[in-house]
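One structure is given here, and the rest of the page talks about it.
The values are calculated or read from the model by the stated rules, or taken from the named source; none is laboratory data. Since this is a predicted model, take the numbers as computed values, not measurements. Virtual Cβ from ideal backbone geometry, glycine too; neighbours counted across all protein chains shown. Accessible surface is based on the protein model in full, side chains and every heavy atom, while ligands, DNA and RNA are left aside. Shrake-Rupley method; radii C 1.70, N 1.55, O 1.52, S 1.80 Å.
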Amino acid sequence: MKRYFAFVRLFLFALGFAVSLVSCDNLSETPEINRGYKSSIRVPEGEPLTDEDRDFIDAQEMEYEDNVG
């Protein structure tokens, strides 16, 4: 039984090694960054938080802290 497990372990190791040799053509398979690429998508400008927004966020944080602690 020990020989069987040793053989299976050796076979899986050899199979993994063989797959690792043929799985990648290049070490760097990530696409290159295009320098000077211009996009037509515009990111909207951010708006400052109002006092009501800040109060709402503070209330949410306090509720979270109360429930966690």
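Highest mean first, what order results for 41-49, 59-67 on Cβ atoms within 10 Å? Write out the running numbers ahead of the final one.
Details: 41-49: 6.2, 59-67: 9.3.
The densest-packed peptide leads the list: 59-67, 41-49.
As a test of reading the structure, rank Leu15, Leu21 by solvent-accessible area (1.4 Å probe, protein chains only), most first. Walk me through the numbers before you get to the answer.
Values: Leu15 85, Leu21 115 Å².
So, going from the largest accessible area down, we get Leu21, Leu15.
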